[in-house]
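Trainee: Just passing along the structure, written as structure tokens.
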């Protein structure tokens, strides 16, 4: 017997059924996020950045130094999406700075692109303490911001940089070995998406730079087609 039928007969018998409810605080937070999501979906760049700067949808605003909105050409053909700000990004309010940022710049220069010619953003707009992995709640809170950025940029190609960015954008738990070298699409617009290693990982594992170079060659080939 399905639940609907069961409830019908219990009601006929005069049995009052209590449905479990989520904690009031969680329920209130979800309603707030849903309301914000609808509003964010219509924002222009100035409104979106202002909303990110004052966002308190998760607790990361309490520990961050600066929100990290995104940088680059807002009409770029290539959009790069990383995981979350690190210590340097948190201090400067800009994604991919420091050693990782310099390596990303070099990766772009290798295919004749500059940082200013692409748009760069992260899954999260605030740094998680001690660079820990983002929590599902934090990702959920920030997702509407990234979705709106993608909608405004309308890139021809998205480059997902690192495991967490790839997992979020593709809704998968597949390994990097399974994701690299394959063609994916993102969202209802079916935007082509390529996965590569995060610069921070490449700094720790320089032998993998050759594989990353192959990924960047795929990016260049796509953008020229």
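FYI, it's all coordinate maths here, none of it is from the lab. For clarity, every value in this text was computed on a predicted model and none was experimentally measured. Methodologically, a virtual Cβ is constructed for each residue, glycine included, from the backbone with ideal geometry; neighbour enumeration extends over all protein chains shown.
Trainee: When a/c reaches 1.5 or more, the comparison of a/b and b/c decides; with that in mind, is segment 26-224 rounded, prolate or oblate per its Cα gyration tensor?
Mentor: prolate
Trainee: Taking the Cα of residue 49, stepping 7 Å toward and past its beta carbon, and measuring to each backbone N in segment 87-118: which are under 14 Å?
Mentor: Of the residues in segment 87-118, 93-95 have backbone N under 14 Å from the label point off residue 49.
Trainee: Could you please rank 168, 214, placing first whichever residue has the fewest other Cβ atoms within 10 Å of its Cβ? Could the numbers behind the result be given before it?
Mentor: On the way: 168 20, 214 12.
By the 10 Å Cβ count, ascending: 214, 168.
Trainee: Got a sec? How would 198, 167 order by Cβ neighbour count within 10 Å, fewest to most?
Mentor: 167, 198
Trainee: Any idea what the relative contact order of segment 26-224 is, in percent, if you count C-alpha pairs under 8 Å spaced at least 6 apart?
Mentor: 23 percent.
Trainee: Right, something else. Sort 79, 107, 216 so the one with the fewest other Cβ atoms within 10 Å of its own Cβ comes first.
Mentor: Final ranking by Cβ density, sparse to dense: 216, 107, 79.
Trainee: Could you work out the per residue convex hull volume over the alpha carbons of segment 178-225, in cubic angstrom?
Mentor: In segment 178-225, the Cα hull volume divided by residue count equals 83 Å³.
Trainee: For the pair residue 39/residue 222, report the inter-label distance in nm, with labels modelled 7 Å from Cα in the Cβ direction.
Mentor: If labels sit at residue 39 and residue 222, their model points lie 3.4 nm apart.
Trainee: Let me ask another. Applying 1/(1 + (r/R0)^6) with R0 = 25 Å to the Cβ-Cβ distance of residue 201 and residue 154, what FRET efficiency is obtained, to the nearest 0.05?
Mentor: 0.30
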